[in-house]
Structures are given as C-alpha cells and as structure tokens.
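Data block below; observations after.
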Amino acid sequence: MPQEPTGRSITARLDRLPLTRWHWTLIVVVGLGSFFDLYEVFLGGVLGAVLTDEWHLSTNEKSLVIASAFAGMFVGAIALGIAADRLGRRRMFLINLGLYSLFSLLTAFAPNLEVFLLLRFLGGLALGAELTLVDTYLSEFMPRHVRGRCIAWAYTIGFCGVPVAAFLGGRFVADEHLLIDGWRWLLVFGAIGALIVWILRARLPESPRWLLAQGHPDQAEAVVTAVEQAAAVRGPLPPVQDTPDEPVTRITLAQMFGEPYRRRTVMLWVFQILQTVGYYGFGSLAPVVLGAKGFDVVQSLGYAALSFLGYPIGSALSVPIIERIERKWLIVGSALVMAVTGLMFGYARDAALIVTAGFLLTCASNVFSNAFHTYQAEIFPTGIRSSAISVAYSLSRATSAVLPFVALNALDHLGAGTVFTGSAVILVILCLDVAVLGPRSTGHRLETTERPAPHPGGTSPASEDPAPSSG
C-alpha cells in the first residue's frame, strides 16, 4: 500500500525539480493575469488626465477617478486574499479575473462620473488580490533555487501592461473610434484581454502545498506526480534531498499577530503603507504631474509612456540579480535609487531630462517590486501566506486611494519638486523598516517559515539555510 504523502515528500519533490517547459507555461499564464492588474493600476492616471477635460473635473473629482479603483483594491485584497487561504489559489484566480472583465466592460459605457466611479471601485475590488495571488501561487510551485527569478519573469510579462496603458492612452484619447470616445476603448481592451487570460487560467492546477495544508494529501500527490511526469520528459529527475520532516498544519489568521510572526507582520504592514508613495505614486500620478509642468495631455501621455518603458525593462534587469543578492538588501538599495531619481523627475523642466529620470525611476522601481513581491511570499507559512500578505498589501491600496487627494493638492500648492522630496523621505524610512525588522529569505525552503527562529542580532532562519547558487 503506498505511503501517504507528507509535507516532506511533497515539498522536497517540488523544490528539487529543474525549470521546465511546464514551469514556464505556468509563469506565462500567471504573468499575463498580472498584466491586467498593472494595466488597471496605471490606467487611473491616464483616465484622470483625460477625463479632466472630457468631464471638466475639479481637483477632487480628478483624485476620485484615480482613487476609486485603489479603494476597491483595498477591500478586494483583504476579502479575496483571505478567501484564497480558505477556498484555494486557483479558484480565486478565476473569480477575480472574471469579475474584473465584467466590471471593466461595464465601466467603458459609464454615462457619468458617479456610475464611472462605482464601477471602477468594483473592478478594483475584483483585482484586489491578483498580485498577492501571483506571489503566493508561483512561490508554492517554483523550485526554491530559482523562485525569485521565476516570479521576476512573471512580473516582467505583467509590467508590459504599464507602457501599453500609456501608449494606448496617447493613441486613443484624442478622438472617437467606432462611434465611442477613445478612452472607453482602453477599458474594453482590458475586459477582453482579461477574459482571454481567464480561459487560459481555467487549466491551472491547484497548489499542492495548499492542498496539503487543507488535509488533501491524495490530491496534492496527484498534482506533484503530474508535474514530475512533465519534467521527466527532459531526462532523469534529481534525487529528493534528505530534509527534516516538515509540519503540515492548519494555521489561523490570528497567528500572524503572535510569535514568531509578529515582527515580520509589523515590518510588512509599515512597508506596504510606505512603498505606495514611491512606487504607485509615480506611475498613477505621472501624467498629471507632467500636465502641471505645462505639457498638454497628448505630450504628457507620450512622455509618461516613454518613462513607463522602464517598468518591463527594470523587471527584466532584476532577473539575473534577484537570486544573487539577499532580497531585503535588494529592496533597500533599489528604494534609495528610486528616491534619488524621483527627485530628479520632480525638479526637472527639460523634456529629455524628465523622460530620462522617469525611465531610471521605473527601472529601479521594478527591481524593487520584484524583490518585495518575492520576499513577502517567503516569510509566512502556507496556511496564512495569502492572507498575511494580502492584508498587508491592502494597506498599500488604501494609501493609494488617499494619495491622489494629498499629492494633487500638494502639487497644486507646492509643486512637483516638493511632492517628490516628500516621497524620497518616505522611501528612506521604508529602507530603515526593512533593514531593521526584515528577516533574510533568499533561497530558503518555504517550510522553514512554519517554525522560524527568533531574530537575535538581526538573524533569521534563512541565515541558517543559505541559498544555493542560482546557476
């Protein structure tokens, strides 16, 4: 009679696999879904710039256009993120994209500002947990020695959505196309694309780590066996490493506030509140900031689009270094670069310098983003991984919802330079938060987070489990 699969057999078998076509298919399908989340996030700035003239918006109404989707994402990140730990990663992947596609299509035909804001809120709610689901799902499938690289590649695909939003905005906003306003087509494209990815995601397997934590070892065994069979096409598989038994236990959400997870929970909450200002603040407000510098809407979207090319390029640049530099220090270093280049962007007046500073800022931003998305998925155990990082991530969405009201009023009264000076100060505080409270994580087994050691002198379990070479 075959032995019942355990945490040891399941997780060690996944971690020892080489990177195969099966893994790459997973990365592409998951990454395509993140494309629409990121497209949607940065579309807010495009729509804010366009609808100011179209609907004669006041500063506060323009802030609402940008903030409405973020407010929905705040609610969705908590609700759908917690649901993913209860109902499964795959199921929530399908629910969030399906609802987003519906609400994005409805928003395209919104007759006035009030209906537009409501539908943008609902679309944001649907997408709220998308990125944390990406982090959770890929971290639970990818071999540990290439986990960071795999997540970075998925986000490289996803971040192509940022310049696409800006380029499409510059192309479509000025005229009517097929009898409807050009900006409405930006929402239709998002709806149709998300539906296509929903169809692709319907074939995804459930996370075996989640199945095991829910007490379904036979289903977990079936998934891992299928992955091994796909990997074995390339030749004999590496032997399973002799690792200590790993606990397979249900963990309650309340445990992330107790020992031994409290310190990292506090670190991540503070981090998520602060990172929004430096990261999403630029992307969502750049077209508006450029307008404040005296450029018209088409020029602003064109310059923003050129700057936004740094998002996928920076994401790709993170791939060769993300396994070679400890995640927490990669986060700190890239955040400092963001602070410096943000100051350059804020004070620049020359178009070439503005685009250069924006491009360098977005490149650094996505080294930062890929590092922290990988990092947050590695510091909590399977039973609360999605819940813990989604609740923390929701705080970034709440900050993003408030940010336009603060930033746009500051922009009107104090200027872009002062806005980006404040952003730089906040990024420095973020660096101190991660440097002091953040554990090391690069290359360690996800299951070591089930029983992390205390942090005397800034050490962590990961320091006892050094990362293997990424090859």
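Of the solvent-accessible surface of the range 1-150, computed with a 1.4 Å probe and all protein chains present, 65% belongs to carbon and sulfur.
In order along the range 15-22, the Karplus-derived 3J(HN,Hα) couplings, from 6.51 cos²θ - 1.76 cosθ + 1.60 at θ = phi - 60°, round to 5, 8, 6, x, 6, 10, 4, 4 Hz, and Gly and Pro are given as x. Under the rule a/c < 1.5 gives rounded, and otherwise a/b versus b/c splits prolate from oblate, where does the range 303-357 land using the Cα gyration tensor? Since a/c reaches 1.5 but b/c is at least a/b, the shape of the range 303-357 is classed as oblate.
Packing, taken as the mean count of other beta carbons within 10 Å per residue, orders the peptides 370-382, 326-338 from highest to lowest as 370-382, 326-338.
Taking the accessible area of the range 363-448, probe 1.4 Å, and keeping the other protein chains in place, the carbon and sulfur fraction comes to 76%. For Leu118 and Glu259, the difference between the fully extended length at 0.36 nm per residue and the C-alpha to C-alpha distance is 46.8 nm. The range 183-224 and the range 325-383 have Cα centres lying 28 Å from one another.
3J(HN,Hα) along the range 372-379: 6, 5, 5, 4, 5, 7, 9, 10 Hz, from the Karplus curve 6.51 cos²θ - 1.76 cosθ + 1.60 with θ = phi - 60°, whole Hz, x for Gly and Pro. The gain in end-to-end length when the Ala352 to Glu61 segment is fully stretched comes to 101.7 nm, 0.36 nm per residue minus the alpha carbon separation.
Averaged per residue, the range 206-245 has 54 square angstrom of accessible surface, using a 1.4 angstrom probe with ligands and nucleic acids left out.
The distance between label points at Val28 and Val233 comes to 1.2 nm (points 7 Å beyond Cα on the Cα→Cβ vector). In the full protein context, the range 30-101 carries 28 Å² of accessible surface per residue, based on a 1.4 Å probe and ignoring ligands, DNA and RNA.
Of the peptides 185-195, 230-240, the order by per-residue mean of other Cβ atoms within 10 Å, starting with the highest, comes out as 185-195, 230-240.
Inter-label distance, His413 to Leu200: 4.6 nm, where each label sits 7 Å from its Cα along the C-beta direction. At a probe radius of 1.4 angstrom, the accessible area of the range 325-364 per residue rounds to 39 square angstrom. Taking 35 Å as R0, compute the FRET efficiency from the Cβ-Cβ separation of Asp218 and Gln241 and round it to 0.05. FRET efficiency, Asp218 to Gln241: 0.90.
The values are calculated or read from the model by the stated rules, or taken from the named source; none is laboratory data. It should be emphasised that the depicted structure is a prediction, and the values quoted were computed from it without experimental measurement. Here the Cβ is made from the backbone with ideal geometry for all residues, glycine too, and neighbour counts use every protein chain on show. SASA here: full protein model, heavy atoms, side chains in, ligands and nucleic acids out. Shrake-Rupley method; radii C 1.70, N 1.55, O 1.52, S 1.80 Å.
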